[in-house]
Amino acid sequence: MTTSPDTLLRFRDAFPILGTSTYLVSNSLGAMPAAVTDHLADYARQWQTRGVRAWAEGWWELPVKMGNEIAPLIGAAPGTVVMMPTVTQAMSAILSAIDFPPERNEVVMTALDFPSVRYSYDALAPRLGARVTVVPSDDGIAIDLGRILAAITERTRLVAISHVLFRSAYIMDAAAICAKAKSVGALIALDAYHSVGVIPVDVQALGADFLCGGVLKWLCGGPGGCFLYASPQASEQLAPALTGWQAHRAPFAFAEQMDYAQGAWRWLGGTPVVPALFAGLEGPRIIAEAGLDAIRAKSTRQTSRLIAMADARGWRVHAPREAERRGGTVAFDVPHAAEVAKTLLARDVVIDYRPGAGIRVAPHFYTTDGELEACVAAMDDILATGVWKAFAGVHSTVT
């Protein structure tokens, strides 16, 4: 039996690191498109030759222009997505925009949401009169849907959860959660950092009020470029207390009082991080050209293959078994996982390690099947020969 050619591999030449490394860590930092070098050079040229005039010649509008590039990837309309430096900042801005009367003051989160957002909410919510309710996990992989739905009540003002859980790549049933939130009059904000770019997402079909994510990972856009979708209704009814002059209706009037701009502009903060936006443009364009349905189909096939190889070796898999509930990452809890991970990195097999989960392997649309086989074969060799011992006690800064 012959297999169909992997047409997505036509994009490999656009990513230089694929020529020097087995790159399997797009869940943490996507490979850089070669064209980013040109985009950053263009930024430098504009700064060098146009100076302050560059603000009026495109820099000021970049957070909205790039938001419009992201919008089709999440099923959003133009003008509803803006760029911010971090998802933590975006999610905190959402929280700051909401009133919390005593009879409806609960924020529902989960024990497996990304800690950075939890830190912010835990610190900020009490100051706003809100109380965070955390839905626990039984296995560290998933959150029981019934528990989440039961936690969303008439006291719930905001549901702020991850779309895909960062440790296990478990895909939450966002449609069911959004529907329950709507049924009790609660707002819903999804952290989609680990979903957009590797699985199809449609904010309008979901009915989400807000959705945040970033180009750092699956969108191959680098750090400093995060996006916030706000539904037209949310932007009409709410305005963040965590704000800045770019959210003003007339920012260059330098008025003493805030007068919020219309639409998604009102969710912006201070001066935008222009170099990050230049760097972040190319990756989402490539993802759009590749097509999210094709990317998802390949991801499902390759992560299934990784699980099969782990099962054959008796390694515990820290990822959902059901393909429809699994994102783009598979974690292997191999013996001596931290040291094996460091050994792999020394061999230019680029993965990452998380305590409690193991070695995370994240193929993307540019990954060959042979690279998956080579990665697992390298683990076999490292364990069989004991070379991992050389890295015992060695600190690693790779995240």
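The values are calculated or read from the model by the stated rules, or taken from the named source; none is laboratory data. A quick note: this is a predicted structure, and the numbers were derived from the prediction, not measured. Neighbour counts run over all protein chains shown; Cβ positions are idealised from the backbone, glycine included. These area figures cover heavy atoms from the full protein model, side chains too; ligands, DNA and RNA do not enter into them. Shrake-Rupley method; radii C 1.70, N 1.55, O 1.52, S 1.80 Å.
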>> Checking the conditions here, which among Y229, Y193 is part of a strand (DSSP E or B), open to solvent by less than 60 Å² (accessible area, probe 1.4 Å), in contact (Cβ under 8 Å) with a residue 12 or more places away in the chain and touching a strand residue (DSSP E or B) at 6+ places or on another chain (Cβ under 9 Å)?
In response: Y229
> Going through region 169-181 one residue at a time, which ones are crowded, with 16+ Cβ neighbours inside 10 Å and not in a loop (DSSP other than H, G, I, E, B)?
Replying inline: Y170, I171, A174, I177, C178, K180, A181
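Conditions (1) of a type in the set (G, A, S); (2) more than 27 Å from G327 (Cα to Cα); (3) in contact with a strand residue (DSSP E or B) (Cβ under 6 Å, 6 or more places away or on another chain), marked per residue:
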{"site": "A97", "(1), (2), (3)": "yes, yes, no"}
{"site": "L112", "(1), (2), (3)": "no, no, no"}
{"site": "A142", "(1), (2), (3)": "yes, no, yes"}
{"site": "F166", "(1), (2), (3)": "no, no, no"}
{"site": "A176", "(1), (2), (3)": "yes, no, no"}
> Within region 267-320, restricting attention to residues that are at pLDDT 95 or above and among the basic types (K, R), which residue is surrounded by the most Cβ atoms within 10 Å (Cβ to Cβ)?
Replying inline: K298
> So D348 clears everything in (1) more than 20 Å from L29 (Cα to Cα); (2) touching a residue at least 24 places away in the same chain (Cβ under 8 Å); (3) among the acidic types (D, E); (4) open to solvent by 50 Å² or more (accessible area, probe 1.4 Å) except one condition, right? Which one?
Replying inline: (1)
> Scanning region 1-34 for residues that are among the charged types (D, E, K, R) and within 21 Å of L281 (Cβ to Cβ), which turns out surrounded by the fewest Cβ atoms within 10 Å (Cβ to Cβ)?
Replying inline: D13
> Do you know which of the residues in region 321-333 that are more than 18 Å from the chain's Cα centre (by Cα) and in contact (Cβ under 8 Å) with a residue 40 or more places away in the chain is least open to solvent (accessible area, probe 1.4 Å)?
Replying inline: F332
> Taking region 61-85, which residues are within 12 Å of Q204 (Cα to Cα) and of a type in the set (G, A, S)?
Replying inline: A71, G75, A76, A77
> For F166, which of the numbered conditions (1) part of a strand (DSSP E or B); (2) of a type in the set (A, V, I, L, M, F, W, C); (3) at pLDDT below 95 fails to hold?
Replying inline: (1)
>> Six or more apart or on different chains, Cβ atoms under 7 Å: show the pairs whose first residue is in region 359-383 and within 17 Å of R316 (Cβ to Cβ) and open to solvent by 10 Å² or more (accessible area, probe 1.4 Å) and whose second is part of a helix (DSSP H, G or I) and not hydroxyl-bearing (S, T, Y).
In response: L383/V340
> In region 324-372, how many residues are assigned to a helix (DSSP H, G or I) and among the β-branched types (V, I, T)?
Replying inline: 2
>> Could you list, ordered by first residue, the pairs with Cβ atoms under 6 Å in which the first is in region 308-320 and at negative phi and the second is surrounded by 12 or more Cβ atoms within 10 Å (Cβ to Cβ) and assigned to a loop (DSSP other than H, G, I, E, B), at least 6 apart or interchain?
In response: W315/V334; H318/S168; H318/A357; A319/S168; A319/A169
> Of the conditions (1) open to solvent by 10 Å² or more (accessible area, probe 1.4 Å); (2) touching a residue at least 40 places away in the same chain (Cβ under 8 Å); (3) not in a helix (DSSP H, G or I), G221 fails just one. Which one is it?
Replying inline: (1)
